[in-house]
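The structure appears below as structure tokens.
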Amino acid sequence: MENKFCYKCDKVATSREHVPPICLFPEAKDVMGLNFRKDLITVPSCDEHNSKKSHDDEFLMLSIAGIVGNNLVGYLQSQTKVDRAIRRKCKDFLNKEVIKNYTHQTLKSKSGRKYPVLYGNPNYDRLVSCFEHIAYGIYFHEFGERFNGIVKMLLGFISYNDKNTQTMTEMVKEKFRVDEISKGIKGENPAIFKYQFFEPDQFGLIGMVMTFYEGTEAFVAFQPKNSKEPFDLSLSLLNAGIPTFIEVGGKTFEFNKK
Ligand SMILES: [Zn+2]
């Protein structure tokens, strides 16, 4: 039997896990009968790495479905399934688990329509851990083997307080946009989830971008165990706090602004 082992560790698989979690894909009843659950991806998983057991799936859904910039399907999902899930929780669940210290605000779209949003601090570490699981799963699906190495991640929808991290995120976004050696966009339900791998760079780093609801992006770098440690003069200057300019795709990104 093939794929006997877990997508994340070397334990024997006991079930199959949806990547991304199935709850991100709307049920037909919530989206006027449309089918957004075509050929969902599953990978073999051990008990420990089955995310259903940690309630991470629901956490992820609550965290990202309603992000500003998502498409209409994400909005519908946040008004139906997400809303039902929140109503089942205790009153301060959102504040405690999903978005800390949030406030209600109103945003105005370009067309002048007003809509309510929550502003606050997302549970960043848990979000990153959820996206990491998905990244490992997608890697397994794409290459038929478990990824062995280090995964690094930047979330495109977060406003980082640290200026350098924020600039780095903008730069990574641009780098993914101008990188031409991509392997093409994949995903059978692109309105909900799509992903794109990039050929390894000179350090052996494999890039991937995952997009949810056409607006929520997670940028992933897979660094295989045996690859060279990426060394980049600009990056070490950056870490040393020296004002640094890096150019990507004709745009200049400035770090350690004085
Ligand atoms: Zn496992």
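For segment 169-205, how many residues are aliphatic (A, V, I, L, M) and within 16 Å of the chain's Cα centre (by Cα)? If you could, list the steps in order and put the result at the bottom.
Applying the first criterion (aliphatic (A, V, I, L, M)) to segment 169-205 yields 171-172, 178, 181, 185, 191-192, 205.
Next cut, within 16 Å of the chain's Cα centre (by Cα) only: 172, 185, 191-192.
Matching residues across segment 169-205 total 4.
If you go through segment 14-39 and keep only what is more than 15 Å from the ligand (Cβ to nearest atom), of a type outside the set (Asp, Glu) and over 20 Å from SER78 (Cβ atoms), you end up with just LYS38. Here SER78 meets each of (1) under 15 Å from TYR136 (Cα atoms); (2) hydroxyl-bearing (Ser, Thr, Tyr); (3) more than 16 Å from the ligand (Cβ to nearest atom) with one exception, condition (1). The single condition from (1) touching a Pro at 6+ places or on another chain (Cβ under 7 Å); (2) farther than 24 Å from THR169 by Cβ that GLY149 fails is (2).
CYS46 meets each of the listed conditions (1) more than 16 Å from the ligand (Cβ to nearest atom); (2) touching a residue at least 40 places away in the same chain (Cβ under 8 Å); (3) out of contact with any helix residue (DSSP H, G or I) (no Cβ under 8 Å at 6 or more places or on another chain) apart from (1).
From the list ASN101, ASN121, ASN95, the one residue that fits, being in a helix (DSSP H, G or I), farther than 24 Å from PRO26 by Cβ and free of Cβ contacts under 8 Å to residues at least 40 places away in the same chain, is ASN95.
Could you tell me whether LYS258 is exposed (fewer than 14 other Cβ atoms within 10 Å of the Cβ) and at pLDDT below 80? Yes.
For segment 140-157, indicate whether the set of residues that are part of a helix (DSSP H, G or I), surrounded by 17 or more Cβ atoms within 10 Å (Cβ to Cβ), outside the structural domain of ARG37 (by TED's automatic domain parsing) and modelled with pLDDT of 85 or more is non-empty. Working first, answer last.
So in segment 140-157, the residues part of a helix (DSSP H, G or I) come out as 140-143.
Then drop every residue that is not surrounded by 17 or more Cβ atoms within 10 Å (Cβ to Cβ), which leaves 140.
Subset that is outside the structural domain of ARG37 (by TED's automatic domain parsing): 140.
Imposing the further condition that a residue be modelled with pLDDT of 85 or more reduces the set to 140.
Yes: one or more hits.
The set of residues from segment 64-87 being over 23 Å from SER129 (Cβ atoms) and not hydrophobic (A, V, I, L, M, F, W, C) comprises ASN71, TYR75, GLN79, THR80, ASP83, ARG84, ARG87. For segment 3-10, indicate whether the set of residues that are on the phi > 0 side of the Ramachandran plot, away from the ligand (no atom under 16 Å from the Cβ) and modelled with pLDDT under 95 is non-empty. No - not one qualifying residue is present in segment 3-10.
The values are calculated or read from the model by the stated rules, or taken from the named source; none is laboratory data. None of these values were measured; they are calculated from a predicted model. Here Cβ is always computed from backbone atoms with ideal geometry, including for glycine, and neighbour counts include all displayed protein chains.
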